[in-house]
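The values are calculated or read from the model by the stated rules, or taken from the named source; none is laboratory data. Only a predicted model underlies this, so the values are computations on that prediction, with no experimental measurement involved. Cβ placement follows ideal geometry from the backbone for every residue including glycine, while neighbour counts extend to all protein chains displayed. Heavy atoms of the whole protein, side chains included, go into the accessibility calculation; ligands, DNA and RNA do not. Shrake-Rupley method; radii C 1.70, N 1.55, O 1.52, S 1.80 Å.
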Amino acid sequence: MTSFKPTRRTLLKTGTAAAAFATLGPAFLRQAAAQDADLAPYKSAQIDWQQVSGETITVAVIPASYFENLIALAPQFKALTGIDVRFEKIPPAQIRQKSVIDLTSKTGTYATHAADPMYYALYAANKWVEPLDTYLADKSLTDPAWFKLDDIIPAWRSANGIDGKLYGMPYDGEVTIQVYRKDLYDAKGLKPADTLEAYTSNAAALNTPNDRVWGAALRGVAGAGQNMYIYPSIFREFGGDWMKGGKLTVNGPEAEAALAWYVDIMKKYAPTAAANWNWPDIADAFSQGTVASYIDAHSSASVINNPEKSKVIGKVAYARWPKGPSGKRTTSIWNWGFPINSALPEKKRKATWLFIQWAASAETQARTAHKFAGPTKRSGVNRTSVWKDPDYIKLMNGFGENFVEATMGALQDDTDVDWRPRVPQWPAIGDTMATAIQSALSGQVTIKAALDDAQRRIEPMMRG
Amino acid sequence: MTAKRLRIITLLAISMVFLLAWAFPIVWSVLNSLKTDSDVLAYPPKLVFAPTLDAYRDVLFGSGSILPNLLSSVIISVGTTVVTMLMAVPAAYALARLRFRGKKFAGFYVLATQMLPPVGIIIPYFLVLRNIGWIDTYQGIILIYLSFSLPFAIWLLVSYFEDIPFEMEEAAYLDGASRLKTLWRIIIPQVRGGIAVTIVFVFLNAWNEFLFAVVLSGNTVRPVTVAMFNFVSVEQTLWAKLAAVSVLAMLPVVVLGVVAQKHIVKGLTVGAVKGGGRR
């Protein structure tokens, strides 16, 4: 047998070839896939997809599987339109900072970016992004019969609108539902909670820390999209109104009752560490069988059903948000939408719109979801029609009992776009509230003192 | 048991506790990087498990390979260190030894630039780089890194230069050496330790920097500190891969530390002969 003795030169050669393949290989494969892809469903739209061929746009997204699927299809978009899209992946916390810097300085680096719905008020007030109705109404750019705007989940559209104008097209979204362990509930003869009161009593019945099972978990870590993702819904369910007589009020009696409910359930029935948990931590704990129930985004279903690490597959079921004392259900709704950067020259704005139209279209939504060749299951498609597609329903029902019904029910009936006040100051207000909630949760101050303090800090923000 | 033995045992026990506390995060990262995702989440934490190199294979050769990011980090850190040292050594020497007008002010000004909070200057930096077309380029990021590494290096080096006795320089002048030759042949060998310490810190700061990197980098230049966040998505944290990237990101720093160790120890104890001073 001849032995293989690599010289420096052969090593360098092999290394370079391997590196070249690692970098370029996937690109070749994608290119090949693009040529094979059937573009006819897109070409049936009565618009000229090639009208700004040759343009290049940069799109900022966050690292997430639903964007990875879209990136994988980008060569198809290039083949359809002749527009090159460069994707830049930026962590969620920094994408807000980076896009605001780009928008403030009007440099037009990102033609569009995965945008937080709570930022549209700020964007619109400063005219940093374009109202999309102009593009939707332009017959040369959009074929309304093909695009079917009404098919896009209305709750996400309203969340991305200011004064009736749409500023960001929803691409992927979520809604908050109850997730519970059916086996544990059945063993005790419990039903998923219909009210917040029942949710607490279910949690109490299942809370057995000695067996390492806790009754419930809600997001505890302080932050605008963290504990402030859950609390606003509870606040609204307790009858709270953010704007009382036009003045932002966070310390009314409803707020006190809502925060008391949250602190009580977190202290009594959630793992102590949950005070510092965000939702991936909750989903991890649930997937390890240590949490009996949680209320959070429906998109966590893919994590708790990940065969590589979940121990609860087959034991999970879902239900809608429990009703609050006001008799209302108010879910937290969220989506990543694409706005158009106003600082772009006209041709690039058109190219950006064509990209957005393509990404949000029913065809691309299906191709990035149940028709996607990869392993990722997208549970946040933006189209009602896709949610009614038997193939998609079959895929989604793999996540557990009642998944599609609970999600669709919540999306259609349990939403309230004003679950968070849509004012430009929200990012700062959210942070202030988040700190107040955490200080009440940790017992540093009383609930009333925490809310009064938040109100004192928020008042000057609303004036400025 | 004699009192002496007892004392030794107590001291050893205390040292062990400190060693454990110091080593824990690193040992934990290494262990997690060798686990599967389900082993990482296991409770009670698994100390005995079937180790796998899957996480390393994925982060190095998978679709989101961090090899280009490690390369970016190396280029940025080495570039920043080389340029910083080329400028900082003469500057520090001048501040320590030369007499010139405005010296005090110059020294203070260099220090004052360190007092600006980075978040406050990020937008101007972004705009300047954007206007000269240097966003997402090596030269752009290295230029910005210089703005904080240079003052830091100058101030660190000044103290080493000040500790060299004047007599050495004077002896060199008497032998007919020029100022530059004296600096190169006599002074620099004396502050080798200090230069090594400075190199390590400048390199470390550039290697670990995140805030500027995330804003000023893009698809072409993306250091490992920024790329690491791709394993913390909104959907889940990929702990094993994150640990593997952390271990890989730690390696160059550890290697540098080991290589420079001899000089660092010398540098920290400072200079051959004490008794210099500012002239």
Where B:Leu95, A:Leu122 fall by accessible area, highest first, once all protein chains stay in place (1.4 Å):
A:Leu122, B:Leu95
With a ≥ b ≥ c taken as the square roots of the eigenvalues of the C-alpha gyration tensor of the stretch B:1-111, please select rounded if a/c is under 1.5 and otherwise prolate if a/b is larger than b/c or oblate if it is not?
oblate
Occluded residues from the stretch B:113-143, i.e. those whose accessible area drops by 30 Å² or more once the chain is not alone (1.4 Å probe):
B:Ile123, B:Phe126, B:Leu127, B:Arg130
With point charges of +1 on the Cβ of Lys and Arg and -1 on the Cβ of Asp and Glu, referenced to the Cα centre of the protein assembly as shown, which listed residue (B:Ile9, A:Val129, A:Gly240) lies farthest in the positive direction of the dipole?
B:Ile9
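Determine, for each peptide in A:352-365, B:192-205, the mean count of other beta carbons within 10 angstrom over its residues, then list the peptides with the highest first. If you can, show how the numbers build up before the last one.
Working: A:352-365: 23.3, B:192-205: 20.9.
Packing proxy ranking, top to bottom: A:352-365, B:192-205.
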On a C-alpha basis, how far is the centre of the stretch A:104-153 from the centre of the stretch B:131-154 in Å? Whole number, if you could?
35 Å
Length-normalised contact order of the stretch A:279-341 in % [C-alpha pairs under 8 Å, at least 6 apart]
25 percent
Using the charge dipole of the protein assembly as shown (Lys, Arg: +1 at Cβ; Asp, Glu: -1 at Cβ; taken about the Cα centre), state which of A:Ala216, A:Val59, A:Leu354 has its Cα farthest towards the positive end.
A:Val59
Over all distinct alpha-carbon pairs, what is the Kirkwood Rh of the stretch B:113-191 in angstrom?
15.6 Å
Rounded to whole Å, sorted largest first: equivalent-ellipsoid semi-axes of the stretch A:193-313, Cα gyration tensor
28, 16, 12
In degrees, nearest ten, helix B:118-131 long axis to first principal axis of chain B (Cα):
80 degrees
If R₀ is 25 angstrom, what is the calculated FRET efficiency for the pair A:Gln51 and B:Asn131, using the beta carbon separation as r and rounding to 0.05?
0.20
Among rounded, prolate and oblate, which fits the stretch A:203-269 when a ≥ b ≥ c are the square roots of the eigenvalues of its C-alpha gyration tensor, a/c under 1.5 means rounded, and a/b larger than b/c means prolate?
prolate
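Per DSSP H run of n ≥ 4, the term is -39500 (n - 2.57); total these for the protein assembly as shown, divide by its residue number, and report the mean residue ellipticity at 222 nm rounded to 500 deg cm²/dmol.
Details: 34 runs with 414 residues, N = 743.
The helix contribution divided over the protein assembly as shown gives -17500 deg cm²/dmol.
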Here the equivalent ellipsoid of the stretch A:331-383, derived from its Cα gyration tensor, has semi-axes (largest first, whole Å) of 25, 15, 8
Peptide-level mean, for B:37-44, of C-beta atoms on other protein chains within 10 Å
4
Judged on accessible area alone, 1.4 Å probe, highest first, B:Phe18, B:Phe100, B:Phe166, A:Phe147 line up as B:Phe18, B:Phe100, B:Phe166, A:Phe147
What angle do you read, to the nearest 10 degrees and between 0 and 90, between the alpha-carbon axis of helix A:346-360 and the longest principal axis of chain A?
60 degrees
How many angstrom separate the Cα center of the stretch B:87-114 from the Cα center of the stretch A:58-75?
49 Å
Set of lysines near A:Lys371 by C-alpha distance (under 16 Å), chain-local residues within fewer than 8 positions excluded
A:Lys388, A:Lys394
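Arrange the residues A:Glu237, A:Glu174, A:Glu68 by how much accessible surface each exposes, largest first, with a 1.4 angstrom probe. Intermediate results must be reported in sequence, preceding the final value.
Working: A:Glu237 0, A:Glu174 25, A:Glu68 75 Å².
Largest accessible area first, the residues go A:Glu68, A:Glu174, A:Glu237.
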C-alpha center-to-center spacing [the stretch B:181-218, the stretch A:256-329] in angstrom
48 Å
Chain A, accessible area per residue, ligands and nucleic acids excluded (1.4 Å, Å²):
40 Å²
Nearest 100 Å² is fine: what is the total accessible surface buried where chains B and A meet, probe 1.4 Å?
2700 Å²
Expected vector for the stretch B:225-237, Karplus 3J(HN,Hα) from phi with 6.51, -1.76, 1.60 and θ = phi - 60°, integer Hz, x for Gly and Pro, equals 4, 7, 5, 4, 5, 5, 8, 10, 8, 6, 8, 6, 9
Can you pull the percent of the protein assembly as shown's accessible area that's carbon plus sulfur, 1.4 Å probe, other chains left in place?
62 percent
Of the convex hull enclosing the alpha-carbon atoms of chain B, the direction-averaged projected area in nm² is 22.2 nm²
At a Cα cut-off below 30 Å, give the lysines reachable from B:Lys181, other chains included and same-chain residues fewer than 8 away excluded.
B:Lys103, B:Lys104, B:Lys262, B:Lys266, B:Lys274
All lysines inside 17 Å of A:Lys323 as judged from Cα atoms, apart from same-chain residues fewer than 8 positions distant:
A:Lys191
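Can you work out the accessible area per residue across chain B, with the rest of the protein chains kept in place, probe 1.4 Å, in square angstrom? It would help to have the intermediate numbers written out before the result.
On the way: 15440 Å² over 279 residues.
Per-residue value: 55 Å².
Taking a ≥ b ≥ c as the square roots of the eigenvalues of the Cα gyration tensor of the stretch A:314-412, is the shape rounded (a/c under 1.5), prolate (a/b larger than b/c) or oblate?
Numbers: a/c = 3.20, a/b = 1.52, b/c = 2.10.
The shape class here is oblate.
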Volume per residue of the C-alpha convex hull in the stretch B:5-57, rounded to whole Å³
100 Å³
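Mind checking A:285-294 for the average number of partner chain beta-carbons within 10 Å of each residue's beta-carbon? Each step should come with its number before you reach the end.
Numbers: counts 2, 0, 3, 4, 1, 2, 0, 0, 0, 0.
Averaged over the peptide's residues, the number is 1.
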What residues in the stretch A:41-76 lose 20 Å² or more of accessible surface when the other protein chains are added to their chain alone (1.4 Å probe)?
A:Pro63, A:Ser65, A:Tyr66
For B:Val78, tell me the accessible area in Å² from a 1.4 Å probe, rounded to the nearest 10.
70 Å²
If one takes the longest principal axis of the Cα atoms in chain A, at what angle in degrees, from 0 to 90 and to the nearest 10, does the Cα axis of helix A:253-269 lie?
80 degrees
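What Kirkwood radius, in Å to one decimal, follows from the Cα pairs of the protein assembly as shown?
Evaluated over the protein assembly as shown, this radius sits at 29.3 Å.
Evaluate peptide B:223-233: per residue, the Cβ atoms of other protein chains within 10 Å of its Cβ; return the mean as an integer.
Values: counts 0, 0, 0, 4, 3, 1, 8, 6, 2, 5, 11.
Taking all residues of B:223-233 together, the mean is 4.
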